[in-house]
Amino acid sequence: MTRILCVEDDPTTADYIAKGLGEAGFAVDIASDGRDGLARASDGGYDAIVLDRMLPGMDGLSILSALRADGITTPVIMLSALASLDERVKGLHSGSDDYLGKPFAVAELLARIEAVRRRTAPAAQGDVPVTRLLYEDLDVDLLTRRVTRAGRRIDLQPREFRLLEFLLSHRDQVVTRTMLLEDVWDYHFDPGTNVIDVHVSRLRKKLDEGGAKPLLHTVRGAGYRLGKD
Amino acid sequence: MPTPPARGHRPRWPRSTTARITLLVFVAMVGTSAIILGFIARVTQGQLDADARTLITAEREAIVATFNRNGPAAARDVIIAELLIPGPLAVRLEDAGHHGVAGNLTAWPAGLPRQTEFQRIGLLRNGHDAAEPFAVTSFTLANGYRLLVGRSLAEEERLTATLTTSLFAAVGLALLLATGISFLVTSAIARRIENIANVAVAVSAGDLARRVEVQANGAGDAFDRLGTALNAMLARIETLVDELRSVTDGLAHDLRSPLTRLKARIDRVQRDGDSSGTDIAAIGTEADALLAMLENSLEISRAEAGIGRDRFVAMDLAALARDMVDMYEPLADDNGVRLTAIAADAVPITAHRELLGRALSNLIDNALRYGAAGGVIEVAAEATTAGARLTVADHGPGIAPADRDGALRRFGRLDAARSARGAGLGLALAAAIARLHGGALTLHANRPGLRVTIDLPQQDQG
């Protein structure tokens with residue numbers, strides 16, 4: 001079972017996280033102050049750590065640097081009420097694997113936990129660069145940028161190609177709009193709900209054209225998932 | 001922050017400062033006077049000795065010359081002639097048997113060598129009541145004769161004594177004056193500092209309107225300058241506090257209606273339940289809008305406060321324009337709008353990429369929201385002589401010149417019935433981001449439509 005350590009001093013938020021992650025099948029331990037959090041995190045054994053930025057005793061950034069100094073590489077997602085653009089970028093630069101501003105949806109947190117866990121998991125195929133992504137009847141050549149589905153050629157705009165590449169590398173995971181925005185466009189602000197949706201629906205239309213089995217799904221209240229139903 | 005000293009202690013410090021400075025001046029004066037007096041005494045003494053030495057040497061030379069040329073008797077005559085007139089001279093010429101030949105001394109002074117260039121010694125001359133200080137020189141002549149010539153220093157010592165007395169009197173007077181003046185000056189300074197401190201205390205206590213009194217003729221001494229600077233600072237603080245107050249009022253005002261709607265929906269769900277889930281969804285939307293409004297408002301405040309200047313990077317404004325057009329193009333297309341970028345040539349600038357992206361995204365969002373009817377929206381990035389310019393132009397209804405200021409104000413929504421998201425903060429945020437870069441956002445008529453430009457000056461590197 002996947003074990004998550006949540007270091008959060010606000011009981012309501014801690015409860016919200018524990019409940020949400022619990023429902024998704026994670027085992028969640030709560031530490032309510034910085035020192036306790038660091039002590040538990042130092043034991044290792046967790047698959048991911050959800051770390052509040054502002055904590056009594058020891059703040060989140062100090063805990064993170066203490067952990068990294070100890071050689072503990074457990075993925076860390078930083079939570080913060082300091083959700084301004086600058087703070088987000090600063091948080092990411094401080095060595096956390098991801099940064100989430102409060103308030104946030106559990107779905108967003110889940111998607112990001114999943115993403116950092118997979119990102120930090122050892123690559124199965126070694127260091128050989130991936131040049132071709134295959135999924136079901138979808139074939140994506142990363143070098144020639146040629147995309148075919150069941151032998152049918154699909155023409156994609158460069159941005160649509162990047163979108164598909166990102167979704168394919170996170171197959172069977174929920175990918176949120178902000179994750180797409182951050183990875184595909186490299187911007188950290190929220191341009192409003194529709195903007196990304198329209199891009200995704202265009203890509204979906206091109207992929208699923210001709211009555212093929214739908215590959216790209218909308219996950220209500222969270223984002224998208226490329227994969228089987 | 002250290003706690004300020006209790007109020008009862010505060011008036012004590014200027015007085016003790018006065019005492020300290022006065023004491024300091026006093027000690028400094030005493031020290032300087034001692035050095036000067038010591039120096040004068042040394043120089044004076046040295047000069048007097050030198051004078052006496054010259055005189056007695058000359059006298060001795062004259063007697064020795066006569067003795068050598070014409071013998072002891074001639075020398076005796078010279079000595080007798082010299083001593084006829086009462087003066088400061090003391091002379092003794094004696095033969096090998098220590099018998100006095102001439103002079104006004106009864107015996108050779110005990111301990112005086114037979115030959116010495118210059119020596120101080122006390123001597124009692126014949127016909128005098130008391131011994132006087134003398135500068136003497138002695139000389140051994142032929143046939144065992146020896147000569148002593150001396151000059152009384154009594155006159156010089158009286159002079160030195162007078163000089164010393166008057167010097168001490170002058171120094172004492174100067175000390176008194178200096179102490180008095182330093183006391184007066186220091187207490188005047190302390191009074192003016194206390195005046196400024198009182199204003200600071202009053203302002204800390206909440207009276208932001210208090211100002212330091214500055215002399216009317218202005219631009220006077222350092223205290224006037226300090227007072228003027230302090231007053232300028234206080235005026236700035238007062239303005240900022242007023243601004244903050246108006247922002248808070250505006251925010252409270254704008255938050256009230258969505259919060260009231262939120263509350264009404266929650267009440268309804270509590271009363272009737274929400275079988276369809278639409279109310280809960282609407283509550284979520286409303287909450288999201290509130291959060292967006294709050295975030296925008298905070299982002300504006302941060303930009304206005306200049307936060308983010310440390311994150312300026314070298315970037316291409318044209319690439320940013322193309323990125324944003326690329327991001328919004330499908331959405332525009334769905335709304336029947338052709339969104340085009342006129343940004344082929346690179347426009348290198350130093351700026352906050354994220355914030356500038358956000359500003360441009362807000363402008364495009366606004367254009368799509370209010371100018372979609374025009375069918376075409378152009379986004380341009382170009383280099384200008386002063387720096388760089390971003391333009392978003394639509395062909396919609398535009399904004400009347402009279403309403404343009406209002407559109408740029410925070411919470412300055414043109415139409416209160418418009419959708420909650422953004423809540424009129426989009427333009428205000430873009431304008432704040434332009435100002436963060438030292439630039440300006442301007443609204444122009446596009447005949448028809450609205451053309452928004454952000455002019456960015458060349459940033460100083462480093």
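The values are calculated or read from the model by the stated rules, or taken from the named source; none is laboratory data. If you're wondering where the values come from, they're calculated on a predicted model, not measured in any experiment. Here the Cβ is made from the backbone with ideal geometry for all residues, glycine too, and neighbour counts use every protein chain on show.
Tell me yes or no: at least one residue of the stretch B:65-78 is touching a Lys or Arg at 6+ places or on another chain (Cβ under 7 Å), in the same structural domain as B:Val149 (by TED's automatic domain parsing) and of a type outside the set (S, T, N, Q).
no
What residue, of A:Arg162, A:Arg225, is surrounded by fewer than 19 Cβ atoms within 10 Å (Cβ to Cβ), modelled with pLDDT of 90 or more and closer than 29 Å to A:Lys90 by Cα?
Matching residue, one of A:Arg162, A:Arg225: A:Arg162.
Quick one: which of B:Gly220, B:Gly227, B:Gly250 is part of a helix (DSSP H, G or I), under 20 Å from the mean Cα position of the chain (by Cα) and among the small types (Gly, Ala, Ser)?
Sole residue among the options that is part of a helix (DSSP H, G or I), under 20 Å from the mean Cα position of the chain (by Cα) and among the small types (Gly, Ala, Ser): B:Gly227.
Taking the options B:Asn217, B:Asn231, name whichever one is modelled with pLDDT of 85 or more and not aliphatic (A, V, I, L, M).
Result of the check over B:Asn217, B:Asn231: B:Asn231.
Residue-by-condition table, conditions (1) of a type outside the set (Phe, Trp, Tyr); (2) within 11 Å of another protein chain (Cβ to nearest Cβ); (3) more than 24 Å from B:Arg311 (Cα to Cα):
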position	(1), (2), (3)
A:Asp70	yes, no, yes
A:Thr73	yes, no, yes
A:Ile77	yes, no, no
A:Ser80	yes, no, no
A:Asp86	yes, yes, no
A:Lys90	yes, yes, no
A:Gly95	yes, no, no
A:Ala105	yes, yes, yes
A:Ala115	yes, no, yes
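Does the stretch B:251-263 contain at least one residue that is in contact (Cβ under 8 Å) with a residue 24 or more places away in the chain, more than 14 Å from chain A (Cβ to nearest Cβ), surrounded by fewer than 16 Cβ atoms within 10 Å (Cβ to Cβ) and β-branched (Val, Ile, Thr)?
No, the stretch B:251-263 contains no residue that is in contact (Cβ under 8 Å) with a residue 24 or more places away in the chain, more than 14 Å from chain A (Cβ to nearest Cβ), surrounded by fewer than 16 Cβ atoms within 10 Å (Cβ to Cβ) and β-branched (Val, Ile, Thr).
Can you list the strands (runs of 3 or more DSSP E) lying wholly within the stretch B:78-163 that have 3 or more residues being farther than 21 Å from B:Thr54 by Cα?
Counting at least 3 such residues, we get B:100-103.
Could you check B:Thr54 against (1) under 22 Å from B:Glu157 (Cα atoms); (2) buried (at least 18 other Cβ atoms within 10 Å of the Cβ); (3) of a type in the set (S, T, N, Q) and say which number it fails?
(2)
So in the stretch B:275-321, with the set limited to residues that are surrounded by fewer than 18 Cβ atoms within 10 Å (Cβ to Cβ) and of a type in the set (Lys, Arg), which one is farthest from B:Asp254 (Cα to Cα)?
B:Arg311
I want to confirm something. Restricting to the stretch A:157-205 and keeping residues that are within 10 Å of another protein chain (Cβ to nearest Cβ) and among the β-branched types (Val, Ile, Thr), which single residue is farthest from A:Val140 (Cα to Cα)? First the steps, then the outcome.
Going residue by residue through the stretch A:157-205, those that are within 10 Å of another protein chain (Cβ to nearest Cβ) are A:157-160, A:181, A:184-203.
Checking the rest, the ones that are also among the β-branched types (Val, Ile, Thr) come to A:184, A:193, A:195-196, A:198, A:200.
On the way: A:Val184: 17, A:Thr193: 28, A:Val195: 25, A:Ile196: 22, A:Val198: 22, A:Val200: 17 Å.
Applying the filter and picking the extreme gives A:Thr193.
From the set of residues in the stretch B:141-174 that are surrounded by 12 or more Cβ atoms within 10 Å (Cβ to Cβ) and of a type in the set (Val, Ile, Thr), which is farthest from B:Ala65 (Cα to Cα)?
B:Val171
Under 9 Å by Cβ, and 6 or more places apart or on different chains, what pairs join a residue from the stretch B:325-353 that is more than 14 Å from chain A (Cβ to nearest Cβ) and closer than 30 Å to B:Gly306 by Cβ with one that is at pLDDT 90 or above and part of a loop (DSSP other than H, G, I, E, B)?
Cβ pairs passing all conditions: B:Ile349/B:His437; B:Thr350/B:His437.
Are there any helices (runs of 4 or more DSSP H) wholly within the stretch A:1-106 with 2 or more residues that are under 30 Å from B:Gly357 (Cβ atoms) and in contact (Cβ under 8 Å) with a residue 60 or more places away in the chain, and if so which?
A:85-93
Identify, please: which residue in the stretch A:206-218 is surrounded by fewer than 18 Cβ atoms within 10 Å (Cβ to Cβ) and within 24 Å of A:Phe104 (Cβ to Cβ) and is, among those, farthest from the other protein chains (Cβ to nearest Cβ)?
Checking each candidate, the answer is A:His217.
Would you say B:Ala292 is of a type in the set (Gly, Ala, Ser) and not assigned by TED's automatic domain parsing to the domain that holds B:Ala431?
Yes, satisfied.
For the stretch B:189-242, which positions are among the small types (Gly, Ala, Ser) and under 24 Å from B:Thr17 (Cβ atoms)?
Correct list: B:Ala190, B:Ala197, B:Ala200, B:Ala202, B:Ser204, B:Ala205, B:Gly220, B:Ala222, B:Gly227, B:Ala229.
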